[in-house]
Amino acid sequence: MHVRTAITALTLAALALTGCSSTSDDGTDSKPSSSPSAASSAAPSADTSAAEKALGIPPEPTGAKRAELLRALAAANPDVIKYEDKAVDAARNQCGAITGGASRLDYFASQRFTYKDVTTTEAQGKQINEALKGIGFCKV
C-alpha cells in the first residue's frame with residue numbers, strides 16, 4: 001500500500017513539475033513563449049489518467065455521479081462532505097487501496113477522511129468502504 005501511494009505521489013509530482021524550470025542552461029531566466037491554454041490546464045493529461053487508472057483510481061466524478069458519491073459518503077459520516085473536493089479526492093484514493101488489495105482498509109479510510117475539523121472513525125471508515133463498493137464507484 002505504501003509503495004503504491006508513494007509511486008502515485010511521485011508520478012503525479014513528476015508530471016506536475018515537467019517543464020517547470022525557470023532558468024535556462026546558461027543561468028538566465030527564461031519565460032514561456034506563450035501562456036498555456038485553458039483547455040490544457042483544465043483537463044488532466046492522458047499520462048496522469050493512465051497512471052491513475054493503472055493504480056485503480058477512478059476519474060473524478062461529475063454531475064449525477066458526484067452527487068451519488070457525496071450522498072453515499074454522507075450516509076457514513078455527514079461531516080466528510082463539508083469539504084466536498086477533499087471528500088471526492090479521498091474517495092478516489094481509497095478506491096486505489098480497495099482495488100489494490102490493501103490491508104486495514106477501514107483504518108485507511110478513517111485516515112483519508114479525517115481532515116481539518118472532520119474526524120472519521122474506523123467504524124465509519126468501514127461504512128465508507130461499503131458505500132464505495134455498493135455504488136460501484138471503485139470500478140475503473
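Quick notes on this structure:
- Residues in the range 46-70 that are basic (Lys, Arg) and either surrounded by 14 or more Cβ atoms within 10 Å (Cβ to Cβ) or under 18 Å from Lys82 (Cα atoms) (or both): Lys65, Arg66.
- When restricted to residues that are assigned to a helix (DSSP H, G or I) and within 15 Å of Pro58 (Cα to Cα), the range 87-108 contains 13.
- When the residues of the range 101-115 are filtered to those that are of a type outside the set (A, V, I, L, M, F, W, C) and farther than 22 Å from Ala67 by Cα, the one that is surrounded by the most Cβ atoms within 10 Å (Cβ to Cβ) is Asp106.
- Residue check for Asp25: at pLDDT 70 or above and over 25 Å from Asn129 (Cα atoms): no
The values are calculated or read from the model by the stated rules, or taken from the named source; none is laboratory data. Keep in mind that this is a model prediction, so the values were computed, not measured. FYI the Cβ positions are ideal-geometry reconstructions off the backbone, even for glycines, and counts take in every protein chain you see.
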